[in-house]
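Shown next, in structure tokens, is the structure this report addresses.
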Amino acid sequence: MPFPAVEPLASGLLDLDDGTQLYWEESGNPAGKPMIWLHGGPGSGLGGGGYRRRPDPAVWRIIGIDQRGCGRSRPVVGAPGFDLTALTTERLIRDIEAVREHLGIEQWLVAGGSWGSTLALAYALAHPDRVSAIVLIAVTTTSRAEVSWISESVGRIFPREWEAFELASGRRPGQRVVDAYVERLADPDLTVREAAALAWCTWEDVHMSLVAGPLSPLREEDPAFRLTFATQVTWFWSHSGFLGERGILDRIGEIAHLPAVLIHGRLDVSGPLATAWELHRAWPGSQLIVIEGEGHGGDSMAEEQERAYASFARS
């Protein structure tokens with residue numbers, strides 16, 4: 001069962017070297033074991049703070065951030081003058097390090113879900129000495145193959161919905177759907193951008209719908225959120241997370257010594273279990289937990305997340 005809701009003990013906007021203000025918050029025990037939660041999307045933000053209910057607040061010093069370009073961080077994607085080309089995984093990793101240094105944390109557990117699991121892995125590869133353990137849920141690495149599956153191949157499961165999704169992309173012959181959406185979401189006409197964002201978010205709702213989970217429909221979010229979310233997702237996906245075609249999978253040996261728990265739903269058609277399985281096979285320090293009746297999230301997955309935090313609290 002989740003712990004009672006806790007509110008942040010401290011929060012703020014951290015001024016970064018390029019003028020970005022990154023939102024961070026801290027809850028739980030200020031003297032506890034440090035951990036950071038990396039949200040999904042990219043571009044979804046921390047949301048209502050449900051991530052705080054899974055670690056024991058008496059044990060953990062719980063840090064969360066709104067990744068640059070979304071949530072309460074400033075500026076957000078789409079704001080006048082926002083430079084999308086500066087939005088890279090390397091830059092997000094530097095942001096995480098800036099928060100760690102700002103809060104005076106030497107080493108922390110790094111946790112993330114969906115896109116957040118990709119970012120957690122990328123951060124660990126860049127700074128393995130700063131990571132005590134890793135907890136991932138709905139595991140992804142944002143490889144080119146994963147992007148191809150989630151934006152095109154999975155349409156074989158939802159052919160009618162994918163046909164509408166592809167049509168709304170306006171792609172040229174031979175152009176990838178995700179690349180076409182990047183173009184439409186950068187169109188100078190706001191009407192075009194908002195229509196593309198709605199179509200993208202509607203498709204996201206479809207491929208995450210095989211098993212009921214805790215996620216609210218993205219298509220029902222306000223237009224500004226949809227635009228931020230869709231722009232960030234398509235940007236990062238079109239570049240394979242700025243990690244190369246198989247960047248994380250080919251480098252996992254570099255962090256194979258770190259303890260990790262990988263939690264994944266058997267029925268996750270958005271991100272098939274094969275990715276988590278391949279990571280686990282190459283990672284002696286990892287434990288793979290497969291939830292039989294869930295997809296891209298769910299109560300049983302969250303309960304395993306709690307158990308993983310508890311196991312690392314004792315270590």
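The values are calculated or read from the model by the stated rules, or taken from the named source; none is laboratory data. The structure displayed is predicted, hence computed values, not measured ones. Glycine gets a Cβ as well: all are built from the backbone with ideal geometry, and neighbour counts include every protein chain shown.
Tabulated results
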{"quantity": "Members of segment 294-315 that are outside any helix (DSSP H, G or I) and either farther than 23 Å from Glu204 by Cα or in contact with a Phe, Trp or Tyr (Cβ under 6 Å, 6 or more places away or on another chain) (or both)", "calculated": "Arg314, Ser315"}
{"quantity": "Residue check for Arg219: within 30 Å of Ala124 (Cβ to Cβ), modelled with pLDDT under 95 and of a type in the set (Lys, Arg)", "calculated": "no"}
{"quantity": "Top-ranked residue in segment 265-287 [being touching a Ser or Thr at 6+ places or on another chain (Cβ under 8 Å) and not hydroxyl-bearing (Ser, Thr, Tyr); ranked as farthest from Gly40 (Cα to Cα)]", "calculated": "His280"}
{"quantity": "Residue satisfying condition, being without any contact (Cβ under 8 Å) to a residue 24 or more places away in the chain and under 25 Å from Arg52 (Cα atoms), within set Asp250, Asp268, Asp222, Asp299", "calculated": "Asp222"}
{"quantity": "Helices (runs of 4 or more DSSP H) (entirely within segment 196-293) containing at least 3 residues that are surrounded by fewer than 21 Cβ atoms within 10 Å (Cβ to Cβ) and acidic (Asp, Glu)", "calculated": "none"}
{"quantity": "Residue list for segment 35-59, filter: more than 16 Å from Ala120 (Cβ to Cβ) and hydrophobic (A, V, I, L, M, F, W, C)", "calculated": "Ala58, Val59"}
{"quantity": "Residue selected from segment 183-216 under the condition polar (S, T, N, Q) and under 21 Å from Ser153 (Cα atoms), by the criterion modelled with the highest pLDDT", "calculated": "Thr202"}
{"quantity": "Counted residues, segment 61-79 - those being touching a Ser or Thr at 6+ places or on another chain (Cβ under 9 Å) and either in a loop (DSSP other than H, G, I, E, B) or aromatic (Phe, Trp, Tyr) (or both)", "calculated": "10"}
{"quantity": "Restricting segment 28-52 to residues that are of a type in the set (A, V, I, L, M) and part of a strand (DSSP E or B), the residue that is surrounded by the most Cβ atoms within 10 Å (Cβ to Cβ)", "calculated": "Leu38"}
{"quantity": "Failed condition for Asp15, given (1) touching a helix residue (DSSP H, G or I) at 6+ places or on another chain (Cβ under 6 Å); (2) in the same structural domain as Ser117 (by TED's automatic domain parsing)", "calculated": "(1)"}
{"quantity": "Matching residues in segment 161-179 - criterion: being in contact (Cβ under 8 Å) with a residue 40 or more places away in the chain and either among the β-branched types (Val, Ile, Thr) or at positive phi (or both)", "calculated": "Val178"}
